Amino acid sequence: MPYVLFSLVCVIWGSSFMLMKLSSPCLTPIEIGAGRAIGGAVVLLLVFLLARRKFTVTLRDVLPLSVVVALGFTWPHSLQPWLVERIGGGLVGMSVGFTPLLTLLVAIPMLGHWPTVRQGFGVLGALIFLVILMRDGIGRAIPLFELALAMSVPLGYSIANCLIQRTLKHLPPLELTLLCLASNSCVLLPLSWIVGRPPVDATAPWGTALAAVAVLGVVGTGLATFLFNKLVREQGSLFATMTINLTPLGAVLWGWAFSEVVTLTQVFALLGVLVMVMIVQFGAAQSPNPSAKADAAVEEELLP
């Protein structure tokens with residue numbers, strides 16, 4: 001089951017950058033971020049109510065939860081649509097692929113987790129291939145500032161993921177994801193009203209843009225983030241974040257479909273990343289502990 005969830009998250013997140021691109025002609029980056037957060041929160045709230053769950057969050061969880069929301073949700077949700085519009089979904093997806101390596105490094109001081117030789121080899125190998133991918137951006141003279149902003153997203157993800165495992169592991173994945181998305185909605189929705197909107201052509205594809213945001217919110221944010229947090233809680237942060245190493249596959253393929261440049265070097269590097277992910281993940285899945293199984297039993301019955 002962990003590998004099924006792993007593959008599903010990879011496919012969904014690999015398509016997210018295409019949905020951002022489809023939304024950008026009509027909506028601002030903040031509006032796209034707010035839309036995906038609200039869509040995901042509404043869906044998970046319905047699941048939460050149908051499951052008749054009760055909130056278990058306490059006051060001591062507020063501070064770490066706020067940091068997770070800021071670094072893992074508000075920042076990337078508002079920044080990524082802007083970057084997709086500026087430098088393309090393929091390159092933004094490639095930058096997110098650095099999350100496992102950064103998680104490996106962040107987990108040492110935050111969790112005291114040292115990687116095995118196989119894990120270290122796989123993650124460092126994936127880094128080498130991702131660096132080859134990133135050379136595409138440098139070759140296209142993309143400003144270093146924008147590349148640095150793109151790299152700030154995986155760093156935020158890494159810190160948030162380790163913080164979840166360190167201080168919020170007791171929260172059920174459904175509740176944790178719902179709280180994060182609801183909090184993010186409360187930040188981005190008012191901000192979207194404040195930030196100015198440039199004029200939009202009357203012929204702009206509003207129907208396509210709104211549909212893309214809806215799918216991005218319901219599937220790409222709500223369902224996928226819940227499944228990801230479930231993997232973090234049951235399998236550990238490294239296993240879960242390796243899903244992000246495969247995100248560039250979908251991002252580059254969708255970028256190619258939208259006329260972004262895809263070279264043989266990129267294809268070679270992406271295949272290399274896939275091999276490294278297989279090395280890290282082979283035999284890495286663990287059986288969830290009894291309490292985790294009990295917490296997730298109702299949730300799994302309600303999800304497709």
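In table form, for the structure just shown:
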read-out	value
Scope the range 152-182; condition aromatic (Phe, Trp, Tyr) and more than 21 Å from Val106 (Cα to Cα); matching residues	none
Selection count where residues are part of a helix (DSSP H, G or I) and modelled with pLDDT of 75 or more, scope the range 96-118	14
Selection count, the range 143-181, where residues are assigned to a loop (DSSP other than H, G, I, E, B) and surrounded by fewer than 18 Cβ atoms within 10 Å (Cβ to Cβ)	3
Residue count for the range 13-63, restricted to those that are touching a Gly at 6+ places or on another chain (Cβ under 6 Å), within 15 Å of Thr177 (Cβ to Cβ) and crowded, with 23+ Cβ neighbours inside 10 Å	3
Qualifying residue in the range 69-77 (condition: at pLDDT 90 or above, surrounded by fewer than 24 Cβ atoms within 10 Å (Cβ to Cβ), aromatic (Phe, Trp, Tyr) and touching a helix residue (DSSP H, G or I) at 6+ places or on another chain (Cβ under 6 Å))	yes
Some residue of the range 77-99 being among the acidic types (Asp, Glu) and closer than 19 Å to Leu210 by Cα	yes
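The values are calculated or read from the model by the stated rules, or taken from the named source; none is laboratory data. It should be emphasised that the depicted structure is a prediction, and the values quoted were computed from it without experimental measurement. Here Cβ is always computed from backbone atoms with ideal geometry, including for glycine, and neighbour counts include all displayed protein chains.
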